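As structure tokens, the structure follows; a few thoughts come after it.
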Amino acid sequence: VCGPSGSGKTSLVMALLGMIDITEGRIIVDELDLSTVPRNELRSRINVIPQDPFFMPGTMRFNLDPHNRISDEDICTALQRVGLWGRVSANGGLDMVLSASEWSVGQRQLICLARALLVESSILVLDEATSR
Ligand SMILES: Nc1ncnc2c1ncn2[C@@H]1O[C@H](COP(=O)(O)OP(=O)(O)OP(=O)(O)O)[C@@H](O)[C@H]1O
Ligand SMILES: [Mg+2]
């Protein structure tokens, strides 16, 4: 999806996730009108790497696996695949406190990419994930 700044690309992603309400038209995925799908279901089925990554106060592990469902080994592998494991392991491993301001914007997007690698989902949306 291409368009100039402010044309609505991020708004489209938010509509996919049910984060903004649609006033006209419908979004249909696999013959299903998304307005009939509960929001938590949409968010677990549609894997998004946002343009402006947001992190919760807490550890790297918590941010990559907030529901505590994934093994440490798999989380480490995801961090290795995005090239961040060196820094994480040098700073206490998965228990390191993730302070977003200490990471560059591109690195924050890589953390989101690692998080996305850990979610099984058939739809992956990248909102200008390499824009910065
Ligand atoms: N929280 C908000 N409240 C009100 N208007 C908003 C909000 N977020 C975005 N908008 C407006 O909605 C329009 C579309 O914004 P959107 O963020 O979807 O653009 P975009 O195509 O993703 O732009 P960019 O390429 O800069 O990321 C813009 O006119 C913007 O000002
Ligand atoms: Mg945008």
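Bear in mind that the values in this text are calculations on the coordinates, not laboratory data. Bear in mind the structure is a predicted one, so any value in this text is a computation, not a measurement. Glycine gets a Cβ as well: all are built from the backbone with ideal geometry, and neighbour counts include every protein chain shown.
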With eigenvalues of the C-alpha gyration tensor scaled by 5 and rooted, the chain, Å: 29, 17, 12
Sites matching trypsin sites (Lys or Arg not before Pro) across the range 21-123 that sit in DSSP coil, with at most 14 neighbouring C-beta atoms within 10 Å: R26, R69
Candidates I70, I46, I28: whichever shows maximal mean-square fluctuation once the chain is modelled as a Gaussian network with Cα springs under 10 Å: I28
Nearest-0.05 FRET efficiency for M19 and S122, computed from C-beta distance (R0 22 Å): 0.65
Between helix 105-117 and the chain: long-axis angle, C-alpha atoms, 0 to 90°, nearest 10: 80 degrees
Inter-label distance for E102 and V37, nm, one decimal - labels placed 7 Å from Cα along Cα-to-Cβ: 3.7 nm
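So what's the back-of-envelope 222 nm ellipticity for the chain, counting only DSSP H runs of four-plus at -39500 (n - 2.57) apiece and dividing by all residues, rounded to 500?
Details: 6 runs with 49 residues, N = 132.
Helix contribution divided over all residues of the chain: -10000 deg cm²/dmol.
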Among F54, S71, V1 the positive-end extreme of the charge dipole of the chain (Cβ point charges): F54
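Within 10 Å, at most 11 other Cβ atoms, and a DSSP state outside H, G, I, E, B define an exposed site. Report the longest part of the chain free of exposed GluC sites (Glu not before Pro).
Numbers: sites that count: E24, E31, E120.
The longest such stretch corresponds to 32-119.
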